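These notes concern the structure reproduced below.
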Amino acid sequence: MAHSLPPTASTTRPKRVVVKLGTGVLTSGIGELNTARIAAVCADIAALRARGTEVIVVSSGAVGLGMGRLGLTKKPKETSKKQACAAIGQSLLMQTWQAGFAPHGLVVAQVLLTHDDLRLRSRYLGVQETLRQLIRYGTIPVINENDTVSAAEIHAMLKFGDNDTLSAMVASLIGAEHLIILSTAPGLVDLKGNGQIVPVVERITPEIEAMAGGTTSETATGGMISKIAAAKLATKSGCGVFIASGAEPEILAKLLCGRGPGTFFVPSGLPLEARKHWLAFFQRPAGTLLVNANAVPVLREQGRSLLAVGVTGTRGEFTAGDIVNLAGPDGIVFARGKVAFGSDEIPALTGRKGDAVAALYPARKRLEVIHRNDLVLL
Ligand code: GLU
C-alpha cells in the first residue's frame, strides 16, 4: 500500500491547537496596537474554528501595551514597574482580543497563570478542567502569564519567564496536536549555514540549539532560544510545533496544510506512519527529483522505494538527507521524500540498474534513491 498523505484530518484539520503570539506580532512600535494584524489573526483563528479545530490562544503583549499607555520607550528594569505595566496592559490586551473576535461571533475568556498553577498537581487539574469547560462553551481562552503576581515570587523558578514556555506547557496540558508560535521571526534561520529558514527539525540537537540567538527587541522576552526550548518541551509530549511569522497573511491555514513558510518541529516518539506526516509540512524542499513514467505508478500505487533506474534528472541543488519533491514527466509534483544522494551524485546514477549503482557505491548497503519509509505521496 502506498503511504498517501493527503493533508487532511490530522494535518489541515487538527482537533486542537495552541496559538502563541508574541508582543511584536500584536504591536507596531512600542505599545501601539497593530489593529490590522490583530484583525487578520482573529479572522485566521475564526476560520480554523469554523473548520472544527479548537483554538487556545497564548498572548503576550501586556507589558508592551502597558508601556505604551504610560509612554515608556524602554522596558523598566524594576520588577514592580514591569508588573505595573502588565496590570495596565493586560486589560487593554483583552479588550483588543474581544474586539478582534467579536465580528466572528466569538467570545474570549481571560486565563492568567503562574508557574505554580501548573506545577502543583491539584491546581494543574483545576486549570485543565477550566480550559476544557471554556472550550465546551465555545469560547477562545486567551492565556497569559499572571505577571502582576508571578514576577514577585521569591524564586525565579516560580516564573515561566516567557510565554513560549507557558504555551508549551499549555499545549501539553490540553493535549493539543500542534503548538503554533507566531512572532516577528519567520522561523528558525540557519544563520551560520545557508541563511535560509530550516523547514523541518526532526530532533532538537545541540546544532539546532546553536542556531538560536537571544532577542534584541525592547518589548519581546524570549527570542529564538526560548522558542526552541518550548519546542523541545512540546514535541516531547507528542505535540508538533511550528515557529512562523505572525505577519504572514493566513499563516495558520498555510502552516496546517504544509504551505506556510516557517519551521516545523516533529513530535517525538511517533510510529513510522505518523512520522511520515511531517514530510507534508516541508514547505520548502531543497530541490526536485524528476522520475520517468514507469516510476510514477510504482511509487504511487505500489508504495515502493525510488530506485536510480526511475530517475531522469534533478532540479535545484540538494545534499543527501535533504527533502526533495518528486515530479513525473508531466512536471507535476506528486510526492516528497528524504533523498539519500546529493544532486551532484544523481547524474551518474540516472537510469542505472541496481548492479551498476552497487558498482559505483560498493560500500553502501542501501542503494535506494529514496527509501519508501522516507517517502510520502501528496
Ligand atoms: N507575559 C508577558 C506580557 O504579556 C510576555 C512574556 C513573553 O512574551 O514571553 O507582556
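Please treat every number below as a calculation from the coordinates, not as lab data. Here the structure is a predicted model, which is why all the values come from computation and not from measurement. Please note: Cβ atoms are built from the backbone with ideal geometry, for glycine as well, and neighbour counts cover all protein chains shown.
Per-residue ellipticity at 222 nm, computed for the chain from helices alone with -39500 (n - 2.57) per DSSP H run of at least four residues, works out to -10500 deg cm²/dmol.
Can you check what the net charge comes to around E209, using other residues whose Cβ is under 13 Å from the Cβ of E209 (Lys, Arg +1; Asp, Glu -1)?
+2
Packing, as the average of other Cβ atoms within 10 Å across residues, places the peptides 24-35, 50-61 in the order 50-61, 24-35, highest first. A simple charge model with +1 on the Cβ of Lys and Arg, -1 on the Cβ of Asp and Glu and nothing else charged puts the dipole of the chain at about 500 debye relative to its Cα centre.
Electrostatic tally near P141: other residues with Cβ closer than 12 Å to its Cβ, Lys and Arg +1, Asp and Glu -1, net +2.
Before anything else, pin down the relative contact order of the chain: Cα pairs under 8 Å, at least 6 apart, normalised by residue count, whole percent. Mind dumping the intermediate values first?
Values: 789 pairs, mean separation 62.8, N = 378.
After rounding, I find 17 percent.
Determine the sum of side-chain charges near V241: Lys and Arg each +1, Asp and Glu each -1, restricted to other residues whose C-beta is under 13 angstrom from that of V241. It works out to a net charge of +2.
Taking a temperature of 4 °C and a viscosity of 1.567 mPa s, what whole-number D in µm²/s does Stokes-Einstein yield for the chain with Rh from Kirkwood over alpha carbon pairs? Before the final figure, lay out the partial values.
Working: Rh = 22.1 Å.
Translational diffusion coefficient: 59 µm²/s.
Across the cross-link table entries K15/K74; K192/K232; K82/K227; K81/K227, which are compared at the Cα atoms, the separations over 30 Å belong to K15/K74. Each label was represented as a point 7 Å from its Cα along the Cα-to-Cβ direction; for A36 and N373 these points are 5.0 nm apart.
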